[in-house]
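Participant: Questions regarding the structure given below will be posed in turn.
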Ligand SMILES: NC(=O)c1ccc[n+]([C@@H]2O[C@H](COP(=O)([O-])OP(=O)(O)OC[C@H]3O[C@@H](n4cnc5c(N)ncnc54)[C@H](OP(=O)(O)O)[C@@H]3O)[C@@H](O)[C@H]2O)c1
(Lines give C-alpha, C1' and ligand atoms only; values in the text may rest on other atoms or scores of the structure.)
Protein backbone atom coordinates (compact mmCIF):
# COMPACT_ATOMS: atom_id res chain seq x y z
CA UNK A 1 0.00 0.00 0.00
CA UNK A 2 1.49 3.35 -1.07
CA UNK A 3 1.07 6.03 1.61
CA UNK A 4 0.57 9.59 0.37
CA UNK A 5 0.58 12.67 2.60
CA UNK A 6 -1.20 15.78 1.29
CA UNK A 7 -0.37 19.16 2.90
CA UNK A 8 -2.73 22.12 2.46
CA UNK A 9 -5.67 19.71 2.33
CA UNK A 10 -8.28 22.44 2.87
CA UNK A 11 -7.34 24.41 -0.26
CA UNK A 12 -9.02 23.97 -3.65
CA UNK A 13 -6.36 21.58 -4.94
CA UNK A 14 -5.98 19.84 -1.56
CA UNK A 15 -9.70 19.03 -1.45
CA UNK A 16 -9.74 17.85 -5.07
CA UNK A 17 -6.71 15.62 -4.41
CA UNK A 18 -8.36 14.07 -1.38
CA UNK A 19 -11.68 13.47 -3.09
CA UNK A 20 -10.00 12.00 -6.21
CA UNK A 21 -7.64 9.68 -4.34
CA UNK A 22 -7.57 6.37 -6.21
CA UNK A 23 -8.00 2.94 -4.64
CA UNK A 24 -4.82 1.28 -3.50
CA UNK A 25 -3.40 4.34 -1.74
CA UNK A 26 -3.49 5.23 1.91
CA UNK A 27 -4.06 8.99 1.96
CA UNK A 28 -3.25 11.26 4.89
CA UNK A 29 -4.77 14.69 4.23
CA UNK A 30 -3.47 17.38 6.56
CA UNK A 31 -4.91 20.89 6.74
CA UNK A 32 -2.92 23.86 8.04
CA UNK A 33 -4.30 23.13 11.55
CA UNK A 34 -2.81 19.60 11.35
CA UNK A 35 0.48 20.59 9.75
CA UNK A 36 1.86 24.11 9.39
CA UNK A 37 4.48 23.68 6.69
CA UNK A 38 6.33 26.83 7.84
CA UNK A 39 7.32 24.98 11.02
CA UNK A 40 10.37 22.87 10.10
CA UNK A 41 10.08 20.72 13.23
CA UNK A 42 6.37 19.95 12.63
CA UNK A 43 7.19 18.98 9.04
CA UNK A 44 9.98 16.66 10.17
CA UNK A 45 7.76 15.14 12.91
CA UNK A 46 4.84 14.56 10.52
CA UNK A 47 7.04 12.73 8.04
CA UNK A 48 8.59 10.59 10.79
CA UNK A 49 5.14 9.82 12.22
CA UNK A 50 3.34 8.93 8.98
CA UNK A 51 6.30 7.66 6.87
CA UNK A 52 4.66 8.55 3.55
CA UNK A 53 6.12 7.22 0.30
CA UNK A 54 4.99 10.39 -1.49
CA UNK A 55 4.24 13.90 -0.18
CA UNK A 56 2.04 16.21 -2.29
CA UNK A 57 2.41 19.83 -1.24
CA UNK A 58 -0.83 21.64 -2.08
CA UNK A 59 -0.24 24.25 0.64
CA UNK A 60 0.79 27.77 -0.30
CA UNK A 61 0.32 31.42 0.50
CA UNK A 62 -1.94 32.33 -2.46
CA UNK A 63 -3.07 35.91 -1.72
CA UNK A 64 -1.23 37.45 -4.65
CA UNK A 65 -2.01 41.12 -3.87
CA UNK A 66 -1.58 40.89 -0.08
CA UNK A 67 1.79 39.22 -0.65
CA UNK A 68 3.16 42.62 -1.70
CA UNK A 69 2.76 43.83 1.91
CA UNK A 70 2.82 40.47 3.77
CA UNK A 71 6.19 39.47 2.31
CA UNK A 72 7.32 37.55 5.40
CA UNK A 73 4.29 35.22 5.62
CA UNK A 74 4.33 34.72 1.87
CA UNK A 75 8.02 33.76 1.79
CA UNK A 76 7.69 31.55 4.88
CA UNK A 77 5.04 29.37 3.17
CA UNK A 78 6.16 29.57 -0.47
CA UNK A 79 9.96 29.89 -0.30
CA UNK A 80 11.15 28.36 3.01
CA UNK A 81 8.53 25.65 3.63
CA UNK A 82 9.13 23.72 0.37
CA UNK A 83 12.74 23.47 1.53
CA UNK A 84 11.65 21.98 4.89
CA UNK A 85 9.43 19.49 3.05
CA UNK A 86 12.23 18.52 0.64
CA UNK A 87 14.75 18.07 3.48
CA UNK A 88 12.30 15.91 5.46
CA UNK A 89 11.50 13.86 2.33
CA UNK A 90 15.23 13.41 1.70
CA UNK A 91 15.73 12.13 5.27
CA UNK A 92 12.80 9.72 5.17
CA UNK A 93 13.27 8.61 1.55
CA UNK A 94 9.91 9.98 0.41
CA UNK A 95 9.18 11.54 -2.99
CA UNK A 96 7.85 15.11 -3.15
CA UNK A 97 5.36 16.54 -5.65
CA UNK A 98 5.24 20.31 -5.30
CA UNK A 99 2.94 22.78 -7.07
CA UNK A 100 4.22 26.07 -8.45
CA UNK A 101 2.93 28.80 -10.72
CA UNK A 102 3.01 30.61 -14.07
CA UNK A 103 3.90 33.75 -12.03
CA UNK A 104 7.56 32.63 -12.10
CA UNK A 105 7.61 34.06 -15.66
CA UNK A 106 7.58 37.73 -16.64
CA UNK A 107 4.43 37.53 -18.76
CA UNK A 108 6.07 39.31 -21.69
CA UNK A 109 6.28 36.31 -24.03
CA UNK A 110 4.08 35.86 -27.08
CA UNK A 111 4.46 32.08 -27.25
CA UNK A 112 3.77 29.42 -24.59
CA UNK A 113 6.38 29.18 -21.83
CA UNK A 114 8.23 25.86 -21.85
CA UNK A 115 9.81 24.31 -18.76
CA UNK A 116 13.16 25.67 -20.03
CA UNK A 117 11.95 29.25 -20.52
CA UNK A 118 13.76 31.90 -18.52
CA UNK A 119 12.08 32.69 -15.20
CA UNK A 120 11.70 36.30 -14.13
CA UNK A 121 8.91 36.77 -11.59
CA UNK A 122 7.40 40.26 -11.40
CA UNK A 123 5.54 39.96 -8.08
CA UNK A 124 6.37 39.00 -4.49
CA UNK A 125 4.18 35.90 -4.84
CA UNK A 126 6.01 34.87 -8.04
CA UNK A 127 9.43 35.48 -6.46
CA UNK A 128 8.49 33.44 -3.38
CA UNK A 129 7.27 30.52 -5.51
CA UNK A 130 10.47 30.52 -7.60
CA UNK A 131 12.58 30.53 -4.42
CA UNK A 132 10.51 27.55 -3.22
CA UNK A 133 11.27 25.64 -6.43
CA UNK A 134 14.98 26.39 -6.00
CA UNK A 135 14.98 25.28 -2.36
CA UNK A 136 13.65 21.89 -3.49
CA UNK A 137 16.11 21.62 -6.38
CA UNK A 138 19.10 22.36 -4.12
CA UNK A 139 17.91 20.21 -1.18
CA UNK A 140 19.68 17.04 -2.29
CA UNK A 141 16.34 15.25 -2.72
CA UNK A 142 16.30 13.27 -5.94
CA UNK A 143 12.72 12.04 -6.08
CA UNK A 144 10.68 15.13 -6.70
CA UNK A 145 8.52 16.79 -9.32
CA UNK A 146 7.51 20.43 -9.53
CA UNK A 147 4.32 21.20 -11.45
CA UNK A 148 3.71 24.81 -12.47
CA UNK A 149 0.07 25.61 -13.08
CA UNK A 150 -2.13 28.65 -13.77
CA UNK A 151 -5.59 30.19 -13.19
CA UNK A 152 -6.77 27.37 -10.88
CA UNK A 153 -10.48 27.07 -10.03
CA UNK A 154 -12.73 24.44 -8.47
CA UNK A 155 -16.15 23.92 -6.94
CA UNK A 156 -14.21 24.10 -3.64
CA UNK A 157 -12.74 27.24 -2.10
CA UNK A 158 -12.57 30.75 -3.51
CA UNK A 159 -11.66 31.42 -7.11
CA UNK A 160 -12.45 33.49 -10.20
CA UNK A 161 -15.38 31.30 -11.33
CA UNK A 162 -17.16 31.49 -7.98
CA UNK A 163 -16.46 35.23 -7.66
CA UNK A 164 -17.95 35.78 -11.14
CA UNK A 165 -21.07 33.76 -10.24
CA UNK A 166 -21.54 35.82 -7.08
CA UNK A 167 -21.01 39.18 -8.79
CA UNK A 168 -23.14 38.26 -11.82
CA UNK A 169 -26.00 37.33 -9.49
CA UNK A 170 -25.85 40.61 -7.59
CA UNK A 171 -24.82 43.26 -10.14
CA UNK A 172 -26.28 44.65 -13.36
CA UNK A 173 -22.95 45.22 -15.09
CA UNK A 174 -19.41 43.92 -14.65
CA UNK A 175 -16.01 45.01 -16.02
CA UNK A 176 -13.36 42.32 -16.61
CA UNK A 177 -9.79 42.66 -17.85
CA UNK A 178 -9.35 41.59 -21.48
CA UNK A 179 -5.62 42.12 -22.09
CA UNK A 180 -4.23 39.44 -19.76
CA UNK A 181 -4.31 36.03 -21.38
CA UNK A 182 -3.57 32.60 -19.97
CA UNK A 183 -5.20 29.22 -19.55
CA UNK A 184 -7.74 28.34 -16.88
CA UNK A 185 -7.02 25.09 -15.03
CA UNK A 186 -9.59 22.91 -13.37
CA UNK A 187 -8.20 21.82 -9.97
CA UNK A 188 -10.13 18.60 -10.39
CA UNK A 189 -8.29 17.74 -13.62
CA UNK A 190 -4.98 18.89 -12.08
CA UNK A 191 -5.61 16.55 -9.13
CA UNK A 192 -6.16 13.62 -11.49
CA UNK A 193 -2.91 14.51 -13.32
CA UNK A 194 -1.02 14.59 -10.01
CA UNK A 195 -2.38 11.17 -9.06
CA UNK A 196 -1.16 9.85 -12.42
CA UNK A 197 2.27 11.27 -11.60
CA UNK A 198 2.18 9.59 -8.16
CA UNK A 199 1.65 6.38 -10.08
CA UNK A 200 4.88 7.06 -12.00
CA UNK A 201 6.72 7.27 -8.67
CA UNK A 202 5.05 4.02 -7.63
CA UNK A 203 6.22 2.18 -10.74
CA UNK A 204 9.69 3.74 -10.46
CA UNK A 205 9.42 5.55 -13.81
CA UNK A 206 9.62 9.01 -12.21
CA UNK A 207 12.70 7.99 -10.23
CA UNK A 208 14.51 7.38 -13.51
CA UNK A 209 13.85 10.92 -14.80
CA UNK A 210 16.90 13.12 -15.30
CA UNK A 211 17.32 15.81 -12.67
CA UNK A 212 16.75 18.54 -15.27
CA UNK A 213 13.52 16.81 -16.25
CA UNK A 214 11.74 17.30 -12.94
CA UNK A 215 9.88 20.52 -13.71
CA UNK A 216 6.56 20.22 -15.51
CA UNK A 217 3.79 22.55 -16.65
CA UNK A 218 0.12 21.81 -16.38
CA UNK A 219 -2.97 23.78 -17.42
CA UNK A 220 -6.01 22.84 -19.43
CA UNK A 221 -5.73 23.49 -23.18
CA UNK A 222 -6.44 26.67 -25.14
CA UNK A 223 -6.06 30.35 -24.40
CA UNK A 224 -8.42 32.90 -22.84
CA UNK A 225 -8.44 36.39 -21.42
CA UNK A 226 -10.10 36.94 -18.04
CA UNK A 227 -12.90 38.59 -20.05
CA UNK A 228 -13.32 35.45 -22.26
CA UNK A 229 -13.33 33.33 -19.12
CA UNK A 230 -16.00 35.52 -17.45
CA UNK A 231 -18.22 35.47 -20.55
CA UNK A 232 -17.95 31.66 -20.71
CA UNK A 233 -18.80 31.38 -16.99
CA UNK A 234 -21.93 33.50 -17.54
CA UNK A 235 -23.05 31.56 -20.64
CA UNK A 236 -22.58 28.15 -19.01
CA UNK A 237 -24.16 29.29 -15.73
CA UNK A 238 -27.23 30.65 -17.56
CA UNK A 239 -27.57 27.32 -19.42
CA UNK A 240 -27.64 25.47 -16.09
CA UNK A 241 -29.96 27.91 -14.30
CA UNK A 242 -27.16 28.91 -11.92
CA UNK A 243 -27.86 32.52 -12.98
CA UNK A 244 -31.36 33.75 -13.72
CA UNK A 245 -30.58 36.74 -15.96
CA UNK A 246 -27.84 37.92 -18.29
CA UNK A 247 -25.86 41.04 -17.37
CA UNK A 248 -23.56 43.23 -19.45
CA UNK A 249 -19.87 42.24 -19.18
CA UNK A 250 -17.47 44.99 -20.31
CA UNK A 251 -13.96 44.23 -21.58
CA UNK A 252 -11.47 46.62 -19.96
CA UNK A 253 -7.67 47.09 -20.12
CA UNK A 254 -5.43 46.25 -17.13
CA UNK A 255 -4.83 50.00 -16.53
CA UNK A 256 -8.52 50.37 -15.68
CA UNK A 257 -8.21 47.73 -12.91
CA UNK A 258 -4.98 48.47 -11.02
CA UNK A 259 -3.87 45.84 -8.48
CA UNK A 260 -1.07 45.95 -5.86
CA UNK A 261 0.70 42.98 -7.51
CA UNK A 262 1.80 43.05 -11.13
CA UNK A 263 -0.19 40.57 -13.26
CA UNK A 264 1.43 38.89 -16.30
CA UNK A 265 -0.07 39.87 -19.67
CA UNK A 266 0.72 36.44 -21.10
CA UNK A 267 0.64 33.29 -18.97
CA UNK A 268 0.17 30.44 -21.42
CA UNK A 269 2.36 27.42 -20.67
CA UNK A 270 3.46 24.57 -22.89
CA UNK A 271 2.21 21.38 -21.21
CA UNK A 272 3.48 18.92 -23.80
CA UNK A 273 6.21 17.45 -21.57
CA UNK A 274 3.81 16.26 -18.88
CA UNK A 275 1.20 15.14 -21.44
CA UNK A 276 3.85 13.07 -23.15
CA UNK A 277 5.15 11.53 -19.87
CA UNK A 278 1.59 10.56 -18.87
CA UNK A 279 0.52 9.73 -22.45
CA UNK A 280 -2.61 11.86 -22.20
CA UNK A 281 -4.35 14.29 -24.55
CA UNK A 282 -5.32 17.89 -23.94
CA UNK A 283 -8.77 18.92 -22.79
CA UNK A 284 -9.96 22.44 -23.68
CA UNK A 285 -10.51 24.73 -20.68
CA UNK A 286 -14.12 25.34 -21.74
CA UNK A 287 -14.89 21.58 -21.48
CA UNK A 288 -13.35 21.48 -18.00
CA UNK A 289 -15.31 24.61 -17.01
CA UNK A 290 -18.55 22.86 -18.04
CA UNK A 291 -17.72 19.92 -15.77
CA UNK A 292 -16.97 22.16 -12.78
CA UNK A 293 -20.19 24.14 -13.30
CA UNK A 294 -22.08 20.81 -13.38
CA UNK A 295 -20.60 20.03 -9.95
CA UNK A 296 -21.48 23.51 -8.63
CA UNK A 297 -25.04 23.01 -9.95
CA UNK A 298 -25.26 19.59 -8.27
CA UNK A 299 -23.99 21.03 -4.97
CA UNK A 300 -26.56 23.85 -5.20
CA UNK A 301 -29.40 21.41 -5.92
CA UNK A 302 -28.37 19.19 -3.01
CA UNK A 303 -28.40 22.22 -0.69
CA UNK A 304 -31.81 23.34 -1.98
CA UNK A 305 -33.41 19.94 -1.44
CA UNK A 306 -31.73 19.64 1.97
CA UNK A 307 -29.46 16.69 1.13
CA UNK A 308 -26.36 18.43 2.46
CA UNK A 309 -25.79 18.61 6.18
N1 LIG B 1 -5.15 29.45 -7.33
C2 LIG B 1 -4.48 29.70 -8.46
O3 LIG B 1 -5.00 30.36 -9.37
C4 LIG B 1 -3.10 29.15 -8.66
C5 LIG B 1 -2.41 29.48 -9.85
C6 LIG B 1 -1.13 28.97 -10.03
C7 LIG B 1 -0.56 28.14 -9.07
N8 LIG B 1 -1.25 27.85 -7.95
C9 LIG B 1 -0.60 26.99 -6.95
O10 LIG B 1 -1.42 25.84 -6.79
C11 LIG B 1 -1.28 25.32 -5.48
C12 LIG B 1 -2.66 25.08 -4.86
O13 LIG B 1 -3.33 26.33 -4.81
P14 LIG B 1 -4.87 26.45 -4.43
O15 LIG B 1 -5.50 27.21 -5.53
O16 LIG B 1 -5.43 25.14 -4.03
O17 LIG B 1 -4.74 27.43 -3.19
P18 LIG B 1 -5.73 27.65 -1.95
O19 LIG B 1 -7.10 27.24 -2.30
O20 LIG B 1 -5.47 29.06 -1.50
O21 LIG B 1 -5.17 26.63 -0.88
C22 LIG B 1 -3.94 26.79 -0.25
C23 LIG B 1 -4.01 26.05 1.06
O24 LIG B 1 -2.74 26.17 1.68
C25 LIG B 1 -2.98 26.33 3.05
N26 LIG B 1 -1.83 26.94 3.71
C27 LIG B 1 -1.39 28.21 3.66
N28 LIG B 1 -0.32 28.37 4.44
C29 LIG B 1 -0.09 27.15 5.01
C30 LIG B 1 0.86 26.67 5.94
N31 LIG B 1 1.79 27.49 6.45
N32 LIG B 1 0.81 25.39 6.31
C33 LIG B 1 -0.14 24.56 5.82
N34 LIG B 1 -1.08 24.95 4.95
C35 LIG B 1 -1.06 26.24 4.55
C36 LIG B 1 -4.19 27.22 3.13
O37 LIG B 1 -4.75 27.10 4.42
P38 LIG B 1 -5.87 28.10 4.96
O39 LIG B 1 -7.11 27.62 4.29
O40 LIG B 1 -5.85 27.89 6.43
O41 LIG B 1 -5.44 29.47 4.53
C42 LIG B 1 -5.06 26.63 2.03
O43 LIG B 1 -5.88 25.61 2.54
C44 LIG B 1 -0.43 26.34 -4.72
O45 LIG B 1 0.90 25.92 -4.72
C46 LIG B 1 -0.53 27.60 -5.56
O47 LIG B 1 0.61 28.44 -5.42
C48 LIG B 1 -2.51 28.32 -7.72
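The values are calculated or read from the model by the stated rules, or taken from the named source; none is laboratory data. A quick note: this is a predicted structure, and the numbers were derived from the prediction, not measured. Every residue, glycine among them, receives a Cβ derived from its backbone with ideal geometry; neighbour counts consider all protein chains shown.
Participant: Any residue in segment 146-167 that is in a strand (DSSP E or B) and either more than 17 Å from the chain's Cα centre (by Cα) or more than 30 Å from residue 227 (Cβ to Cβ) (or both)?
Facilitator: Among the residues of segment 146-167, at least one is in a strand (DSSP E or B) and either more than 17 Å from the chain's Cα centre (by Cα) or more than 30 Å from residue 227 (Cβ to Cβ) (or both), which makes the answer yes.
Participant: Out of curiosity, is residue 99 touching a helix residue (DSSP H, G or I) at 6+ places or on another chain (Cβ under 7 Å) and within 11 Å of the ligand (Cβ to nearest atom)?
Facilitator: Judged against the criteria, residue 99 is a match.
Participant: What strands (runs of 3 or more DSSP E) completely inside segment 172-284 contain at least 1 residues that are surrounded by fewer than 17 Cβ atoms within 10 Å (Cβ to Cβ)?
Facilitator: 173-177, 248-252
Participant: Follow-up. Which fully enclosed strands (runs of 3 or more DSSP E) of segment 1-91 have 3 or more residues being more than 15 Å from the ligand (Cβ to nearest atom)?
Facilitator: By residue number, 2-7, 25-30.
Participant: Can you find even one residue in segment 139-162 that is away from the ligand (no atom under 16 Å from the Cβ) and at pLDDT 95 or above? Walk me through it before giving the result.
Facilitator: Start the filter on segment 139-162 by keeping residues that are away from the ligand (no atom under 16 Å from the Cβ), which leaves 139-143.
Among the residues that remain, those that are also at pLDDT 95 or above are: 139.
Yes, some residue in segment 139-162 is away from the ligand (no atom under 16 Å from the Cβ) and at pLDDT 95 or above.
Participant: May I ask you to verify whether residue 107 is at positive phi, in contact (Cβ under 8 Å) with a residue 60 or more places away in the chain and either within 11 Å of the ligand (Cβ to nearest atom) or buried (at least 16 other Cβ atoms within 10 Å of the Cβ) (or both)? So that I can check it myself, show each step before the final result.
Facilitator: Values: at positive phi: yes; in contact (Cβ under 8 Å) with a residue 60 or more places away in the chain: yes; either within 11 Å of the ligand (Cβ to nearest atom) or buried (at least 16 other Cβ atoms within 10 Å of the Cβ) (or both): yes.
In short, yes.
Participant: Name the single residue, out of those in segment 92-125 being assigned to a helix (DSSP H, G or I) and out of contact with any strand residue (DSSP E or B) (no Cβ under 7 Å at 6 or more places or on another chain), that is farthest from residue 3 (Cα to Cα).
Facilitator: That would be 124.
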